[in-house]
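The values are calculated or read from the model by the stated rules, or taken from the named source; none is laboratory data. Keep in mind the model is a prediction, meaning the values are calculated, not measured. Quick reminder, even Gly has a Cβ in these numbers, built from the backbone with ideal geometry, and neighbours come from all protein chains shown. We work out accessible area using only protein heavy atoms, side chains counted, and drop any ligands, DNA or RNA first. Shrake-Rupley method; radii C 1.70, N 1.55, O 1.52, S 1.80 Å.
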Amino acid sequence: MQTNLPDEQFMKLAISKARQGIEKGQTPFGACIVKDGKVISCAHNIVWETMDITAHAEIHAIRAAGKILNTVDLSGCVMYSTCEPCPMCFSACHWARISRIVCGTRIDDAKKLGFSELTISNKEMKQCGNSPVKIVSDCLRDENLALFEFWNKRADKRLY
């Protein structure tokens, strides 16, 4: 799928943040929230650091963006996620009124690595829940799949 340059630039920030997380012993997921062309927050998964199973990159980025913008309404924001958000993270994006989610890989890709994903796609959740969030898939897919490979080769990798 062809993506425009700004999407690619912001996705590269999410990829970089995910790589930082991997180097700290975290799982291979990163997220970046942007509003009006400006980065609001960028986070990697911190599940193992915090021992909090809900500390996914998207949740961490939403929490930070809410504090920075001093609101729970993130209308007009775009979520760049290295992997299609899980149902919990998609729901959080919906409730935060994130306008658009741009994904690098798919839930099925994470499942293939052994993550205990609920393989309900964002498109299915959008349709079932009548969510207005727009979804863009496969942005820099190969670069995001490389994150999985980088993580998978590490001796310190852990699943959840």
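Remarks
- Solvent-accessible area assigned to carbon and sulfur over the chain amounts to 53 percent, based on a 1.4 Å probe.
- Computed log₁₀ I(q)/I(0) - Debye formula, equal Cα scatterers, no solvent, region 29-93, q 0.21 Å⁻¹: -0.78
- Square roots of 5 times each gyration tensor eigenvalue, C-alpha, region 22-160, largest first, Å: 23, 17, 14
- Estimated D of region 5-47 in µm² per second, where Rh is the Kirkwood radius over Cα pairs and Stokes-Einstein applies at 4 °C, 1.567 mPa s: 125
- For G76, distant residues with modelled amide H under 5 Å away: S99
- Over the chain, accessible surface divided per residue gives 50 Å², non-protein components excluded, 1.4 Å probe.
- Nearest-20 debye value, the chain charge dipole, Cβ charges on Lys, Arg, Asp, Glu: 180
- Listed cross-link partners K38/K157; K24/K111; K112/K134; K17/K153 are compared with a 28 Å cut-off, the Cα-Cα value being larger for K38/K157.
- Expected 222 nm ellipticity per residue - DSSP helices of 4 or more, -39500 (n - 2.57), all of the chain, to 500: -13000 deg cm²/dmol
- Of the DSSP H helices in the chain, those that are both long (alpha-carbon extent of 15 Å or more along the helix axis) and hydrophobic (Kyte-Doolittle mean at least 0.5) are 57-69.
- Around L118: net Lys/Arg minus Asp/Glu count, Cβ-Cβ under 12 Å: -3
- Each of the peptides 144-157, 11-24, 71-84, 44-57 was scored by the mean count of other Cβ atoms within 10 Å over its residues; in descending order, highest first, they stand as 71-84, 11-24, 44-57, 144-157.
- The chain - share of DSSP beta bridges that are antiparallel (%, nearest 5): 60
- Taking the chain as a whole, the Cys residues whose C-beta sits 4.7 Å or farther from every other Cys C-beta are C77, C83, C86, C89, C93, C103, C128, C139.
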